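The values are calculated or read from the model by the stated rules, or taken from the named source; none is laboratory data. Please read all numbers here as calculations on a predicted model, not as lab measurements. With ideal geometry, Cβ positions are generated from the backbone for all residues, glycine too; neighbour counts draw on all protein chains shown. What goes into the accessible areas is simple: the full protein's heavy atoms, side chains included, and nothing from ligands, DNA or RNA. Shrake-Rupley method; radii C 1.70, N 1.55, O 1.52, S 1.80 Å.
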Amino acid sequence: MRLQLRASASRLAVAGVVVASVQLAGGAASAAEVSAAQRATLFLEPSNVSGNKGITVFHPQTDVSGTFGSGVGIAAGYAVDIVSGATPRVFGVTADSAGRPVDAVSGATKFSDTRHQVHGGLSYSRTTADVSASYSYGWESDYRSHAVTVTTRSDLLDHIFTAGLSYTHNFDRVCDANNQQTGGDPLSRAALPSSEHCFQSDPAVTTRKLAIDAIEPSLTWAATPRLMLQGGGTLQILDGFQANPYRRVELGSGGRRPQETLPTLRQRYALFLRAAYAMPKIRAAVHAAARAYRDTWAVEAATVELTAQQYLTRFLLWGVRGRAHAQRGANFYRDAQDYRLYGPIGKYWTGDRELSPMRNYLVGAKLAYLRIPEAGQKSFVSELEIALKWEALFYDLDSKFAPNSDRSYATIWQLAISARF
Amino acid sequence: MSMEGNAQERAADEHVLANREGAVGGTGTAGGGCGCN
């Protein structure tokens, strides 16, 4: 059970009954340790419209880290998103032979793209505190992202509380159509036809900036030897181009289909509570989490999650996960039919599912094989885990004219192999 | 003390959901990406 504790020896002893992986942080007494993990995730979101392919994402990632007796740690990794499928470039409605509006999905366009990301970091741990800094660079045909993260954690009151603080800044650049000739009229903006000429000196395309600042404070409380509680929040500020440059939105019945237009400033706030409860007698643990969210685009959301894991044998672990999410849409969102009938609300319009009112539900199960040598037994591999996970994600949208209404569910497969030496 | 469990697994889970709903936060995995698809 990955209820990792960085706490006093007494708490570690109790939690160790159900904890498969225990990390002792820092201190001169720690021995050198190297970890390596390979994980591959396959995301399949089919379309129920004949001829549309839906979305497929294959996401392999590799991570390697090492900690040394001095408390210094180093980490590096590489991840890829290989995305393919077909998605509508126009968020709008079509009319049937009688002139009535039909499904929002029209003219899905095939595409494929690959996003790469490399990251590296350094950390320094002592008995009651640690600090880490990391950098990542992500690139794809139409996007570049540099991100730096600094995280610190301190144990307080004899390890009863742990205060954490994390800050991330993104320096992102997005490829967009150069709409200089529109004179700033958003109704005249054309969408980016393809990423073919992005980040080149082609006058038909331009590069827009997006800066993201995120700060996440948290406080963890070891309430009892079996129960840990954590509360915290997230403040994220996005400043820059946030629209999908390829997407157009049909506005009114006159056939105008300008590029999606979103505000350039978004402030996002989240508060969360988590609890982890260990049940040594049945070699199980339960995690619960709840999150409340709102932002300056008037999206409000609530999310709850519950996971449970239990050892079937000394080496075999199984788990289940359930998650529910509900949100209100952005204050400028309308479904495709309302955009056609009533036009936009103000000067912004979108065809993005994540800005629409909706709910989603996730259920899943996991089976893992863990190999940890007995205490005192010497082994080159100090821990080995092979895990297979399956999850299903169901979407519940408000109308058949909502974005991606043809894709009502997704399945997610994940295979992971990790080892500690 | 840390409750994040397996950080790589959690990051992968959040990565899946990041571009499919309007909320973020509470996970330590804030980041970029246009989510164009």
Selection from the range A:328-375 of residues that are hydroxyl-bearing (Ser, Thr, Tyr) and not in a helix (DSSP H, G or I):
A:Tyr333, A:Tyr348, A:Thr350, A:Ser356, A:Tyr361, A:Tyr369
Does the range A:323-332 include one or more residues that are at positive phi and loosely packed, with under 15 Cβ neighbours inside 10 Å?
no
Scan A:Glu354, A:Glu374 and give me the residue that is under 25 Å from A:Leu44 (Cβ atoms) and free of Cβ contacts under 8 Å to residues at least 12 places away in the same chain.
A:Glu354
Go through the range A:386-414 and count every residue that is open to solvent by less than 50 Å² (accessible area, probe 1.4 Å) and under 19 Å from A:Arg321 (Cα atoms).
10
Mind listing just one residue for me: the one in the range A:133-143 that is under 18 Å from A:His119 (Cα atoms) and within 9 Å of chain B (Cβ to nearest Cβ) and, of those, surrounded by the most Cβ atoms within 10 Å (Cβ to Cβ)?
A:Tyr143
Output the residue which, of all residues in the range A:149-193 that are touching an Asp or Glu at 6+ places or on another chain (Cβ under 9 Å), assigned to a loop (DSSP other than H, G, I, E, B) and within 12 Å of another protein chain (Cβ to nearest Cβ), is least open to solvent (accessible area, probe 1.4 Å).
A:Leu192
Within the range A:248-269, how many residues turn out to be within 8 Å of chain B (Cβ to nearest Cβ) and either on the phi > 0 side of the Ramachandran plot or crowded, with 20+ Cβ neighbours inside 10 Å (or both)?
1
Any chance you could count how many residues in the range A:270-284 are open to solvent by 80 Å² or more (accessible area, probe 1.4 Å) and either out of contact with any Leu (no Cβ under 6 Å at 6 or more places or on another chain) or not hydroxyl-bearing (Ser, Thr, Tyr) (or both)?
5
Return yes when A:Thr307 is part of a strand (DSSP E or B), modelled with pLDDT of 95 or more and over 30 Å from A:Ile372 (Cβ atoms) and no when it is not.
no
So, in the range A:352-383, of the ones that are over 20 Å from the mean Cα position of the chain (by Cα) and within 14 Å of chain B (Cβ to nearest Cβ), which residue ends up surrounded by the most Cβ atoms within 10 Å (Cβ to Cβ)?
A:Ala368
Going through the range A:207-240 in order, the residues found to be open to solvent by less than 40 Å² (accessible area, probe 1.4 Å), without any contact (Cβ under 8 Å) to a residue 40 or more places away in the chain and in a strand (DSSP E or B) are A:Gly233, A:Thr234, A:Gln236, A:Leu238
State yes or no: is A:Leu384 over 20 Å from A:Ala290 (Cβ atoms), in a strand (DSSP E or B) and either in contact with a Ser or Thr (Cβ under 9 Å, 6 or more places away or on another chain) or basic (Lys, Arg) (or both)?
yes
Which of the residues that make up the range A:403-421 are touching a helix residue (DSSP H, G or I) at 6+ places or on another chain (Cβ under 7 Å) and closer than 26 Å to A:Pro373 by Cα?
A:Gln414, A:Ala416
Restricted to the range A:197-235, and to residues that are of a type in the set (Gly, Ala, Ser) and more than 12 Å from A:Thr162 (Cβ to Cβ), which residue is nearest to the other protein chains (Cβ to nearest Cβ)?
A:Ala214
